[in-house]
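Peer 1: Please see the structure below; I have some questions.
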Amino acid sequence: MFLQKAAQGYGCTALFPPYPKTVSYHPTRKQERVTGEESFIAKTSGTREFPWRVIALSDQDASLLTSDLIYALAPDPDPTLYPIALANTPHTAPQIPWIKPGKVAWDWWNDWRIYGVDFVAGINTQTYQYYIDFAADNGLEYVILDEGWSPPPTGDVMNIIPEIDLPKLIRYADSKNVGVILWVVWNVLDQKLEEACAHYAQMGIKGFKIDFIDRADQKAIEFVPRASLMAAKYKLIVDFHGVSKPTGQQRTYPNALNFEGVYGLEELKWSNPDMPFYDVTWPFIRGFAGPADYTQGAMKNAAKDAFAPIYPEPMSQGTRCHQIASYIIFESPIAMLCDNPTNYMKEQECTDFIAKIPTTFDETVVVAAQVAEYIVIARRKGDEWYIGGFTNWTPRDITLDLSFLPAGEHRAILFTDGANAHRVGVDYKKREVTIHPGAFPVHIAPGGGFAMKINLKY
């Protein structure tokens, strides 16, 4: 259900996607597109439960960032497929060995433009070995083979291009303790869903990134549980990209770790929106529904007057520390490192910090937040606290209330915007500081942020 402002006066009108009547296919990737619609929204028979709707009200903006309402309303998982999943709690990792959250070296956003190597980079085995090496060297759990490993025009997920030796890549990744995830178009996968899950699971892949659903009609929505359950049968994780927001599926299908449903960083390849404003807005709204596949991590960072959308060599809006903080603020059990491995290796200090930020946590505290203005969130994993904050284009001086920390002195690593970050987005400062459970001042540049790691053992 979508809501649209009433044509006159106050109130909203409910909109429901009609059931698809006819479809056509994108010529280069066999992506399904609706060309005709029925006069009804769903087909059903017999008795069934219909979808619930919820309206959440809060007198504090911060409460929206930690609400578990959607998760609580979702059904428990099937214990025959997810035998230990009932012990899960929101925002924590599923206690099932084959469901492994983590970080991903991602290829598509950076257009495979690695350099300083002795081979021609592209969608080929050598390039992906390079990505696997980068992931292994930095402790990243996965590498994604995005669009192109299977020839998109054929519309057959069982085909692999001759430039990719997939069994060799999987063996190489296994030797480096890195998992391989395959990108697929949803309807192409759906045509051979069990065959593909069985075949690629036997080959050794860890999951699928499923893309271009791009609809919210009954047929598209029903695919999500069907694909999640089939993937679970073969112990595969799923990252739903190009999909509507989650409605508790992360509880019912714990192997469905991520859902896009967000205006992510990829939009900056071809457009010039106000991304810092969006980043301090969507976590209160879209984020309320559950985890999001935002695909952050740009190492090219631009001040407001220096940004330009450049498709093959993209950049982010705002500062380097804004990007680093997003790994703490955004909920993404599968978090992408979107930029070029070559760029990350040139910025190893930032890469080391990002790579060590967990993707699931044991405890969350909202330190400060105001919708569309700023967010500061602290998350604990074991004996370590991670605190991230960022702002829109308004610079801020924020005094953090760290009273939630244990008594005593704690050593912390702090990344803050540099003195010239308001003009040069890549400018940042790293330092070690001593933290007490009290007030701590931080300056944030326009479009900026900060990130802190506190080790309670010292």
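Peer 1: Being touching a residue at least 40 places away in the same chain (Cβ under 8 Å) and among the aromatic types (Phe, Trp, Tyr) is the filter; apply it to region 369-414 and report the residue that is nearest to Leu65 (Cα to Cα).
Peer 2: Restricting to residues being touching a residue at least 40 places away in the same chain (Cβ under 8 Å) and among the aromatic types (Phe, Trp, Tyr), the top hit is Tyr374.
Peer 1: Output the residue which, of all residues in region 402-458 that are of a type in the set (S, T, N, Q) and assigned to a strand (DSSP E or B), is farthest from Lys356 (Cα to Cα).
Peer 2: Out of the qualifying residues, it is Thr434.
Peer 1: Can you pull out every residue in region 105-126 that is among the aliphatic types (A, V, I, L, M) and surrounded by 14 or more Cβ atoms within 10 Å (Cβ to Cβ)?
Peer 2: Once the filter is applied, which keeps residues that are among the aliphatic types (A, V, I, L, M) and surrounded by 14 or more Cβ atoms within 10 Å (Cβ to Cβ), region 105-126 yields Ala105, Ile114, Ala121, Ile123.
Peer 1: While we're looking at this one, here's another question. So which residues in region 1-41 are more than 15 Å from Ala220 (Cβ to Cβ), among the basic types (Lys, Arg) and not in a loop (DSSP other than H, G, I, E, B)?
Peer 2: Lys5
Peer 1: Next question, about the same structure. Looking only at region 284-329, count how many residues are in contact with a strand residue (DSSP E or B) (Cβ under 9 Å, 6 or more places away or on another chain) and part of a loop (DSSP other than H, G, I, E, B).
Peer 2: Number satisfying all stated conditions: 17.
Peer 1: What are the residues in region 97-142 that are in a loop (DSSP other than H, G, I, E, B) and of a type in the set (Asp, Glu), if any?
Peer 2: Asp107, Asp111, Asp118, Glu141
Peer 1: Determine if region 219-235 includes at least one residue that is under 16 Å from the mean Cα position of the chain (by Cα) and touching a residue at least 60 places away in the same chain (Cβ under 8 Å).
Peer 2: no
Peer 1: Residue pairs, Cβ under 6 Å, 6 or more apart or interchain, first in region 202-214 and closer than 30 Å to Pro20 by Cα and assigned by TED's automatic domain parsing to the domain that holds Lys233, second assigned to a loop (DSSP other than H, G, I, E, B) and charged (D, E, K, R). List them.
Peer 2: Nothing qualifies.
The values are calculated or read from the model by the stated rules, or taken from the named source; none is laboratory data. Only a predicted model underlies this, so the values are computations on that prediction, with no experimental measurement involved. Neighbour counts run over all protein chains shown; Cβ positions are idealised from the backbone, glycine included.
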